[in-house]
Amino acid sequence: MRLSDAGELGLLRELERRGLVSGVEHDAALLADGLVVTQDALVEGVHFRLDWISWRELGFRAAAVNLSDLAASGAEPEALMVTLAAPAETELAHVVELYEGIAEVGVPVVGGDTTRADSLMLSVTAIGRSERVPGRAGARPGDTVVVTGPLGAAGAAFRRGAYVRAPIRLEEGRHLAVTAHALMDISDGLAVDAARIAERSGVRIEIDIGRVPLAEGAELDDLGFGEDYELLAAGAEASDFYEIGRCLEGSGVALLRGGAEVHLRGWEHFV
């Protein structure tokens with residue numbers, strides 16, 4: 001079997017089955033004393049194109065998508081570690097711009113690594129602390145499902161050959177983490193990420209597409225693009241956010257519009 005057959009989730013299930021990884025079912029790893037650690041990599045030609053994004057914006061993006069995982073853990077960020085792989089002919093000024101973009105998030109870079117590569121790759125590790133990490137496995141039948149903001153902006157921008165800045169929902173994450181039964185960020189598309197909560201929690205999630213807030217210029221299909229980095233929560237006391245669905249007995253996810261089911265694809269890393 002190839003990675004294109006197994007997909008990201010299939011790969012993780014196989015590694016878990018073999019005892020080679022553990023605790024990878026959530027947005028970040030929870031260690032002792034409330035320490036929360038997460039890591040994401042951005043690869044040129046896969047996650048970004050330099051003719052569509054500036055070096056500064058790329059740096060901000062790399063930091064923001066990692067802070068999104070901390071937000072989904074209700075964490076307060078403490079530090080970043082950055083690994084940069086780049087061609088030797090890369091302009092030093094461009095790398096400085098990239099780190100200036102990282103600095104915009106206001107979290108110090110305390111270490112990392114640099115190495116030569118044929119194309120650009122940027123990997124950020126974000127470290128924080130949280131009093132309570134809901135994770136993905138605690139949703140219960142009867143829970144309401146909410147999102148922190150409009151979705152589809154990233155998909156709409158991509159159709160125009162551009163990127164939008166990822167929102168940083170740290171404050172919202174800390175608020176939701178107090179009461180939420182499950183919490184994660186939306187990085188791979190609404191249906192895909194809701195399905196991760198449903199699978200880990202053993203519930204069925206029904207989402208009313210008509211209640212999902214759309215970003216300006218976004219269309220329904222953009223909900224499947226991912227990279228919105230808003231937070232998705234089940235069972236939270238969250239009257240300040242958008243209620244879009246509920247958890248029921250059963251399994252899987254249903255996206256409903258006028259009673260009919262709507263099918264949206266999401267991001268798959270190995271397809």
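Every number here is computed from the coordinates shown, using simple stated rules; none is lab data. Bear in mind that the values here come from a model prediction, so they are computed numbers and not experimental data. Note: ideal-geometry Cβ built from the backbone for every residue, glycine included; neighbour counts use all protein chains shown.
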(request) Quick one: work out the % antiparallel among DSSP beta bridges in segment 8-153, nearest 5. (result) 70
(request) May I ask which residue of VAL124, VAL147, LEU170 lies farthest towards the positive end of the charge dipole of the chain, with charges of +1 (Lys, Arg) and -1 (Asp, Glu) on Cβ and the Cα centre as origin? (result) VAL147
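If R0 is 45 Å, what FRET efficiency do you get for VAL109 and GLU249 from their C-beta distance, rounded to 0.05?
So, using R0 = 45 Å, E works out to roughly 0.45.
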(request) Of the DSSP beta bridges with both residues in the chain, give the percent that are antiparallel, rounding to the nearest 5. (result) 75
(message) If you wrap a convex hull around the alpha carbons of segment 3-129, what volume per residue comes out, as a whole number of Å³?
(response) 126
(message) Charges at C-beta only: +1 for Lys and Arg, -1 for Asp and Glu. How large is the resulting dipole of segment 144-262 about its Cα centre, in Debye rounded to 20?
(response) 100
(request) Go ahead and run the numbers for FRET between ALA117 and SER54, Cβ-Cβ distance against an R0 of 22 Å, rounding to 0.05. (result) 0.65
(message) For the pair ARG165/THR179, report the inter-label distance in nm, with labels modelled 7 Å from Cα in the Cβ direction.
(response) 3.0
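At 222 nm, what helix-only mean residue ellipticity would the chain give, in deg cm²/dmol to the nearest 500, using -39500 (n - 2.57) for each DSSP H run of four or more? Before the final figure, lay out each step's value.
Values: 6 runs with 71 residues, N = 271.
Calculated at 222 nm, the ellipticity per residue is -8000 deg cm²/dmol.
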(request) Return the sequence-ordered ³J(HN,Hα) values of segment 202-210 in whole Hz as given by the Karplus equation 6.51 cos²θ - 1.76 cosθ + 1.60 applied to θ = phi - 60°, using x for Gly and Pro. (result) x, 10, 9, 10, 10, 10, 8, 4, x
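Could you calculate the FRET efficiency of THR144 with GLU14 from 1/(1 + (r/R0)^6), where r is the beta carbon distance between them and R0 is 30 Å, rounded to 0.05?
0.35
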